[in-house]
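Heads up: the structure comes next, in C-alpha cells.
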Amino acid sequence: MSSGLMKNICICGGGNLGTVIAGVAAARGYTVNLLTGHPERWSATVTVTDPEGKEFEGALNAVSSRAEDVIPGSEIVLVCLPATAMAEELRRIKPWLDEDACVGSVFCCTGFFVMALRELGLDAKLFGFQRPPFIARVNDYGKSGALLGYRKLMRVGFRGLDAEMSARLSATLADIHLTPVEALRNPLQATLTNSNPILHTTRLYDMFSHGAGVLPSIPRFYEDWTDSSSETLIAADGEFQVLLRELKLDDGDIPPLLEYYESHDAASLTRKIRSIDAFKGLLAPMKELPEGGFAPDMDSRYFTEDFTYGLLMIKMVAEIKGVATPAIDRILTWYQEAAGKRYLDGCRIADSADVRMTGALDREILQEMISTL
C-alpha cells in the first residue's frame with residue numbers, strides 16, 4: 001500500500017464480493033473492518049485465491065453486527081449488499097459516519113446513488129462501481145473466497161467529492177483491486193446500465209411470459225438462450241440507447257449490447273451469448289414445487305432487483321425525459337402481473353405503495369441528478 005492512500009475501510013456485507021474484497025484489501029495492508037449480521041461465523045483472517053492460484057491472506061481488524069463498532073474512523077465504507085437491503089443499511093450506518101467518509105457500492109444499477117442521496121443527504125460523499133470490481137465467490141463462509149476474475153478497467157462514478165479526494169479515492173480503489181480506475185462523468189453512468197437490468201429481465205420475460213409456468217426441468221439461463229430472447233433484448237436496449245442520447249451520455253461508456261457482444265443481429269447475438277464461458281452452467285431462477293416440476297422463483301434477485309430496481313429505474317428516467325419505452329413497458333407489465341405488484345399504470349410509473357417501498361424510485365432526486373449533467 002502506497003502512502004497517501006486511504007487506509008481504513010469498512011465492508012458492509014459478508015457475501016461473495018464482501019468476502020473477497022475484505023480478504024484482498026487486508027492482505028494488501030489495509031485496515032479492514034466488517035459489518036455483518038453473522039460476526040460469530042467469521043475467523044480472524046480471510047484467505048482468497050485468484051484464477052492464477054495466487055493466495056491473499058489478510059487479518060481483519062474488527063468484525064461486528066453493530067455499526068458503532070466498525071464504522072467510526074473508516075475513510076471508505078463499501079456496501080456489498082443487495083438493493084433490497086441497501087436503504088436500511090444506509091440508515092443504520094449514517095449516525096456513525098465520519099464527516100469525510102466516502103460511502104460507496106460495488107454495483108449501482110439498482111439505485112445506490114438515489115438511495116444514498118435520499119438517506120445520507122444531497123451533500124454526502126459517494127462513489128459507486130458501474131460493474132462489480134471482481135467476479136467473486138465464497139468458498140467457506142467467513143473464512144475463504146475465490147476471486148474468479150479481474151476486470152481490465154473499473155469505471156467508477158463520484159458524487160460530492162472534490163478533485164483531490166476523487167483522485168485519492170480512485171488511487172486507493174485501484175490499489176485494492178489491482179485494476180486501473182476510470183472516473184465516469186456523472187453518477188448516472190453507473191446508475192443506468194444495460195447489463196443485468198436489461199439482460200436478465202428480457203430473458204426472463206421471454207422465458208415465462210408466453211404461458212411457460214411449471215417446467216419439468218430448469219433451463220440453462222444463457223446456454224439455452226433463444227433468438228426470441230435476443231430480439232426482446234435488442235428492442236429494450238434500443239430504447240435504452242435512445243435515453244442515453246437524450247441524456248447526452250452516449251459517449252461509449254455504455255455501448256449498445258450488440259456492440260458489446262460483438263454481434264450484428266439477433267441470431268449472432270444468440271450464438272455469442274450461448275458461447276461465453278463465464279455464463280456456462282448458470283440456471284434460470286426457479287424453485288422446485290412439492291407436487292413436482294419447477295416454477296419461476298419470484299424471490300430471486302433476478303426478479304426482486306433487476307425488475308423492481310434496475311429496469312424500473314430506467315423507466316422512471318425515461319419518463320422524466322419523455323422517452324417512449326414500449327418494449328420495456330411490456331416487460332414491466334408482465335412482471336407486475338406475475339409478481340402481484342403495481343408499478344405501472346398503462347405506460348406511466350404508478351403512484352403506488354409498491355413504487356414507494358423500493359426507496360430507489362425518487363423522482364425528485366433523479367431529476368436533481370439529471371440537472372447536473
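Numbers for the structure displayed
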quantity: Pick from region 268-316, criterion more than 14 Å from the chain's Cα centre (by Cα) and among the aromatic types (Phe, Trp, Tyr), ranking: surrounded by the most Cβ atoms within 10 Å (Cβ to Cβ); calculated: 294
quantity: Conditions (1) within 26 Å of residue 366 (Cα to Cα); (2) of a type in the set (A, V, I, L, M, F, W, C); (3) touching a Phe, Trp or Tyr at 6+ places or on another chain (Cβ under 8 Å): number failed by residue 181; calculated: (3)
quantity: Within region 317-343, tally of residues that are surrounded by fewer than 21 Cβ atoms within 10 Å (Cβ to Cβ) and farther than 21 Å from residue 207 by Cα; calculated: 7
quantity: Failed item in (1) within 21 Å of residue 347 (Cα to Cα); (2) open to solvent by 30 Å² or more (accessible area, probe 1.4 Å); (3) not β-branched (Val, Ile, Thr), with residue 220 passing the rest; calculated: (1)
quantity: Members of region 115-131 that are under 22 Å from residue 93 (Cβ atoms), in a loop (DSSP other than H, G, I, E, B) and open to solvent by less than 30 Å² (accessible area, probe 1.4 Å); calculated: 121, 124
quantity: All positions within region 199-217 that are open to solvent by 40 Å² or more (accessible area, probe 1.4 Å), out of contact with any strand residue (DSSP E or B) (no Cβ under 9 Å at 6 or more places or on another chain) and aliphatic (A, V, I, L, M); calculated: none
quantity: Helices (runs of 4 or more DSSP H) contained entirely in region 286-373, each with at least 1 residues that are of a type outside the set (A, V, I, L, M, F, W, C) and free of Cβ contacts under 8 Å to residues at least 12 places away in the same chain; calculated: 326-339, 353-357, 363-371
quantity: Region 83-119, residues that are over 30 Å from residue 200 (Cα atoms) and of a type in the set (A, V, I, L, M, F, W, C); calculated: 93, 96, 97, 101, 102
quantity: Some residue of region 178-198 being open to solvent by less than 10 Å² (accessible area, probe 1.4 Å), assigned to a helix (DSSP H, G or I) and farther than 17 Å from residue 247 by Cβ; calculated: no
quantity: Any hit, region 32-39, residues being in contact (Cβ under 8 Å) with a residue 40 or more places away in the chain, farther than 17 Å from residue 80 by Cα and surrounded by 13 or more Cβ atoms within 10 Å (Cβ to Cβ); calculated: no
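Condition check ((1) surrounded by 17 or more Cβ atoms within 10 Å (Cβ to Cβ); (2) over 25 Å from the mean Cα position of the chain (by Cα); (3) under 21 Å from residue 89 (Cβ atoms); (4) polar (S, T, N, Q)) across all residues:
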position	(1), (2), (3), (4)
17	yes, no, yes, no
22	yes, no, yes, no
52	no, yes, no, no
68	no, yes, yes, no
72	no, yes, yes, no
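The values are calculated or read from the model by the stated rules, or taken from the named source; none is laboratory data. Just so you know, these numbers come straight off a predicted model, no measurement behind them. When we count neighbours, we look across all protein chains shown, and the Cβ atoms used for this are built from the backbone with ideal geometry, even at glycine. Calculation scope for accessible area: heavy atoms of the full protein, side chains included, ligands and nucleic acids excluded. Shrake-Rupley method; radii C 1.70, N 1.55, O 1.52, S 1.80 Å.
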